[in-house]
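The values are calculated or read from the model by the stated rules, or taken from the named source; none is laboratory data. Treat the numbers as computed from the prediction; the structure is a model and nothing was measured. Note that we place each Cβ from the backbone using ideal geometry, even for glycine, and neighbour counts take in every protein chain shown. Side chains included, ligands, DNA and RNA excluded: accessible areas come from the protein's heavy atoms. Shrake-Rupley method; radii C 1.70, N 1.55, O 1.52, S 1.80 Å.
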There are 4 protein chains.
Amino acid sequence: MVTPLLDRDNLDVAGLERLIEHILAGGVHGLFILGTTGEAPSLSYRLRNELIQRVCALVKGRIPVLVGITDTSFVESINISHKAEDAGAQAIVLAPPYYFPAGQSELLEYLDHLTRELPLPLFLYNMPSYTKLVFEPETIRAAAEYPGIVGIKDSSGNMVYFRRLQSLLKDHPDFSLLMGREELLAEVILLGGHGGICGGANLIPELYVELYNAACSKDLQKVEELHKKVMEFNAAVYHVGRYESSLLKGLKCALSCVGICSDFLAEPFHRFRRAEHEVIELYVKELGINPKK
Amino acid sequence: MVTPLLDRDNLDVAGLERLIEHILAGGVHGLFILGTTGEAPSLSYRLRNELIQRVCALVKGRIPVLVGITDTSFVESINISHKAEDAGAQAIVLAPPYYFPAGQSELLEYLDHLTRELPLPLFLYNMPSYTKLVFEPETIRAAAEYPGIVGIKDSSGNMVYFRRLQSLLKDHPDFSLLMGREELLAEVILLGGHGGICGGANLIPELYVELYNAACSKDLQKVEELHKKVMEFNAAVYHVGRYESSLLKGLKCALSCVGICSDFLAEPFHRFRRAEHEVIELYVKELGINPKK
Amino acid sequence: MVTPLLDRDNLDVAGLERLIEHILAGGVHGLFILGTTGEAPSLSYRLRNELIQRVCALVKGRIPVLVGITDTSFVESINISHKAEDAGAQAIVLAPPYYFPAGQSELLEYLDHLTRELPLPLFLYNMPSYTKLVFEPETIRAAAEYPGIVGIKDSSGNMVYFRRLQSLLKDHPDFSLLMGREELLAEVILLGGHGGICGGANLIPELYVELYNAACSKDLQKVEELHKKVMEFNAAVYHVGRYESSLLKGLKCALSCVGICSDFLAEPFHRFRRAEHEVIELYVKELGINPKK
Amino acid sequence: MVTPLLDRDNLDVAGLERLIEHILAGGVHGLFILGTTGEAPSLSYRLRNELIQRVCALVKGRIPVLVGITDTSFVESINISHKAEDAGAQAIVLAPPYYFPAGQSELLEYLDHLTRELPLPLFLYNMPSYTKLVFEPETIRAAAEYPGIVGIKDSSGNMVYFRRLQSLLKDHPDFSLLMGREELLAEVILLGGHGGICGGANLIPELYVELYNAACSKDLQKVEELHKKVMEFNAAVYHVGRYESSLLKGLKCALSCVGICSDFLAEPFHRFRRAEHEVIELYVKELGINPKK
């Protein structure tokens, strides 16, 4: 889930409520907040805590809430995990600490220490283009033995990595293998993966739910048709402008165009300016999204 | 300055006092806390604030204190900068926000926003091996026009970058060009740089002060002799063990061997274990350091 | 196809013949020589030319032969392409020139110049982990308009890249999208890709042919079963030893264990030594491969 | 030395003669051909051989000629080394083979094999931004024991690497440590390095010779003055245009502006077009270079 912001340290509270109801109406099975698309690293701890509380209060247990606790500071990760527990979240999500270049054995020891302190089940999160540290497949395999580590979200886009994980974890059928890139949701579910966390579900959640269902029921024709729609959405909304951040900017811009929430982004980013905004607006209107207000 | 720790969230208060007195006795001209060698990204905000207050109280204005405020969150950087001001620090130091891959124009806008909020003069900090984002020379050149940005600490080791900065900033003689790698202190001062921030000065501060002075007075023979000592120290203490973190581990280990402070490191690192400890201990004894206790 | 070698500049001629017959007996639809798995960059031009002639003579037109012409030198790429044409090859394959950091517009101009000189249809080859230069999706899209460029082999493993290519080239149904990583053959064919180039087909070609056929006929159950076999083979043969080159070493070792060809590798690599060899041997025996001798 | 070209496979023979006489008139102590600035990887082997022969014939033993033999193919490196010996060159220069990701132990074994076959003394060449493989300091230290390896040219710009090399090789005073970045020539000679290989010496060789001499005689004031001139030249000629290749393009453009040789560049590059050409021309005219014609 994106984090609707009025400015760099204030939530768009009305937008947040509209966004949550819009997503839940689409039938998703869970809500992941404070991930990369949620701009977590750019937000103050105060705001992150406020978001956790508001989201859990708004969701009211209708679906599980997963909370990102990735941090360079071990202690701050633990602190957020307790806020998540207190607010009633169901699980937490953690990418490697992304400042110091830790070795794999150090990462494994880090996870060992962490799981001893965590109050909630943990999903690992592989996001090497942003964290630069990778949980190598063998590290994940070893960590899967630690109590409380229940799965991984892989956003690398590297399917060789994902298939290698599946192969190494074939004797751990309960370890959830989730895909963090919506372009790859279809193939992941078709060939043994367990789910996906899709940024586009902020805007058109029902598309991803239908695709997931079609893939689970091995309806290849429907999968192809819906996968094509995902790729069209992707091409239209995520590739405007010249920076790597175009995904995040395009998504918030589109949400703003349909009246769900503000398109403000925290530093180091800024919302799309007029030229890019017009490109997104043109496309989004055709989608015919009508969020309840 | 390293951050003396008893455990991941508690300062080694007695060690901190010994360390500060040891460093100041060596004649350094300033103290930089909460940088990379200070493990800032690994520490909780509570502990960072405590450290700022204790250090400023112990230094009592004898030399300027510079405080690292690098953070992925704009708001948290501002928060720490106010703690630094309140405690009586003289300046702050900032590397690029190190999660999202911001473009150079975005980084410049980020600095523009930031300098409008900062209560103290700002040194930029180039540390690409850890932040992965670089302040490109042209970005630094543009940022040098912003009020409150007074210099840069370059820890890249890339002297072509440093010489390019000098070249671009030749009309800004007041913009301080500081070297963050002690192996390069000598050549920086000899050829127009302004100073250095040297991790080894935690242990043998007088060596770096003498080298700085010799370079300032263009005493090439003395520079060569002292530079050689820096390189011997470097080879002995920073290259034990197999990970990139060997500098930090070796330095804290050496400080512990001579009785200055604890060698505890916050996650994702851990102190040297016996084998590496013995290598460091053997060398450090020969240095004959006797901190006042 | 691997390049069977007696030493760094001599082909294992008998092994080459056995290897080709073994692969063709498996029913493959084409043979790609002088790629990464063929160690092309490590071979002398003399040997590359000899290989092209021998392979085309042995294959005798039974299936198309594709020849790698990747080179940092434009002229040498053209030279090899003419050797390929003379020998009767059907197409050529080219990754970006991998020394100088060319920009995308420079790569496009390079392809423009190249296609004017090439005597055979060209497949582009994306292999960023080795060439470090990427043909960006937009560059491929533009190059698809050049006469003679007929497809791409993507070995990045990055499925977001592959799906983006498909999306950009949806109006070019004749442009072949081939997968260079065998772990991803199944999902590529299931969702609109056109084929695969699989290193493992040197040893067990019929597995990949069957998987391809099952995926073409949308037989999901069979696809899953065969994909699982591919992953088992992969885990057993490609992940022995500690270097990235373990794929190439494991594959040549396995081919040697079953008596197909020598396991010699050209510098900068060397064949597996005893410990790794025994691991591969143990596994390969169970496969029950009996090449005709 | 740049390689003067009429087109992608023909030397500018007249320009080559002018260039060599211009460089030698400047008093340089050696001539390095077929390096990165010489576009070696972009040239055909035929042209490389022609260049070696012509250069050695034109230099006529007045100064040593060093020949780059870097190649992904071991056999081709050996082949060029024999051409160099036959033509009368004095030494050869080799960067790591730059396609396959070899490990350090593999690189060391590669050097072991290579030195057994080489007919001339060998300088190693560190150029990680282009080869992506580094000869790590410990690898260089070990290779320094092999017969025939006499030094290293470091073009990384990473002075921590260079100082570490010096430190590791302090007991090998005969092992030459050469700087490949002209911006760092001054500091290398001042603090114990042995020489420099400077691209700018194609155009203004006497500047670099004077700087080298001033640094050898520890004349700090003169060093500062000449170093400043190097940086001005650098800023004016190497930073035009937007790609990393601006150094090579700017240098060839400047040589063309003063009538020394053609500015043609082999693919994947092209010469500067009008806009950049005019910027370079304006600057170069002020230099007042008059090559003998």
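A few notes on this one:
- Looking only at segment C:162-198, residues that are assigned to a helix (DSSP H, G or I) and more than 18 Å from A:Glu224 (Cα to Cα) come to 2 in all.
- Whichever residue in segment A:63-98 is of a type in the set (Ser, Thr, Tyr) and modelled with pLDDT of 95 or more and, among such residues, is nearest to B:Arg46 (Cα to Cα): A:Ser73
- Residues of segment C:226-283 that turn out to be under 18 Å from the mean Cα position of the chain (by Cα), open to solvent by less than 40 Å² (accessible area, probe 1.4 Å) and of a type in the set (Asp, Glu), as a count: 1
- Residues that are facing chain A (nearest Cβ under 7 Å) and polar (S, T, N, Q) within segment C:156-174 comprise C:Asn158, C:Ser167, listed in sequence order.
- Count of segment D:47-67 residues which are charged (D, E, K, R) and open to solvent by less than 20 Å² (accessible area, probe 1.4 Å): 1
- Segment A:103-126, residues that are in a loop (DSSP other than H, G, I, E, B) and either closer than 24 Å to A:Cys56 by Cβ or touching an Asp or Glu at 6+ places or on another chain (Cβ under 7 Å) (or both): A:Glu117, A:Leu118, A:Pro119, A:Leu120, A:Pro121
- Restricting segment C:129-149 to residues that are touching a Ser or Thr at 6+ places or on another chain (Cβ under 7 Å) and not in a loop (DSSP other than H, G, I, E, B), the residue that is farthest from the other protein chains (Cβ to nearest Cβ): C:Ile149
- Selection status of D:Val223, closer than 30 Å to B:Lys218 by Cβ and β-branched (Val, Ile, Thr): yes
- Residues in segment D:31-46 that are more than 14 Å from chain C (Cβ to nearest Cβ) and free of Cβ contacts under 8 Å to residues at least 40 places away in the same chain were compared, and the one that is surrounded by the most Cβ atoms within 10 Å (Cβ to Cβ) is D:Ile33.
- Of the residues making up segment C:204-225, those that are touching a Leu at 6+ places or on another chain (Cβ under 6 Å), open to solvent by less than 60 Å² (accessible area, probe 1.4 Å) and not small (Gly, Ala, Ser) number 1.
- Filtered residue count, segment D:73-93, keeping only those that are open to solvent by less than 10 Å² (accessible area, probe 1.4 Å), within 12 Å of another protein chain (Cβ to nearest Cβ) and of a type outside the set (Gly, Ala, Ser): 2
- Among the residues making up segment C:138-155, those that are open to solvent by less than 30 Å² (accessible area, probe 1.4 Å) and either in contact with a helix residue (DSSP H, G or I) (Cβ under 7 Å, 6 or more places away or on another chain) or aromatic (Phe, Trp, Tyr) (or both) are C:Thr139, C:Ile140, C:Ala143, C:Ile149, C:Ile152, C:Asp154.
- Test result for D:Leu177, modelled with pLDDT of 95 or more, more than 10 Å from every other protein chain (Cβ to nearest Cβ) and closer than 23 Å to D:Ala25 by Cβ: no
- Per-region count, segment B:14-44, residues on the phi > 0 side of the Ramachandran plot and more than 11 Å from the chain's Cα centre (by Cα): 1
- Taken over segment B:95-113, the residue count meeting the criterion of being of a type in the set (A, V, I, L, M) and more than 8 Å from chain A (Cβ to nearest Cβ) is 3.
- Residues located in segment D:136-151, provided they are in contact (Cβ under 8 Å) with a residue 40 or more places away in the chain and of a type outside the set (Gly, Ala, Ser): D:Val150
- Residue among A:Leu120, A:Leu114 that alone is without any contact (Cβ under 8 Å) to a residue 60 or more places away in the chain and either open to solvent by 20 Å² or more (accessible area, probe 1.4 Å) or under 19 Å from A:Pro4 (Cβ atoms) (or both): A:Leu120
- For segment B:256-285, the set of residues classified as in a helix (DSSP H, G or I) and touching a His at 6+ places or on another chain (Cβ under 9 Å) consists of B:Ser256, B:Cys257, listed by residue number.
- Residues of segment D:165-172 include at least one that is in contact with a Pro (Cβ under 8 Å, 6 or more places away or on another chain) and open to solvent by less than 40 Å² (accessible area, probe 1.4 Å).
- Segment A:208-222 residues that are within 12 Å of chain C (Cβ to nearest Cβ), paired with ones that are open to solvent by 60 Å² or more (accessible area, probe 1.4 Å) and of a type in the set (D, E, K, R) (beta carbon under 7 Å, 6 or more apart): A:Leu220/C:Lys218
- Residue list for segment C:199-210, filter: in a loop (DSSP other than H, G, I, E, B) and not β-branched (Val, Ile, Thr): C:Leu203
- For segment C:227-250, filtered to residues that are more than 11 Å from chain A (Cβ to nearest Cβ) and not in a loop (DSSP other than H, G, I, E, B), the residue that is farthest from C:Ser155 (Cα to Cα) is C:Lys229.
- Residue check, B:Phe100 part of a strand (DSSP E or B) and either acidic (Asp, Glu) or more than 21 Å from B:Gly15 (Cα to Cα) (or both): no
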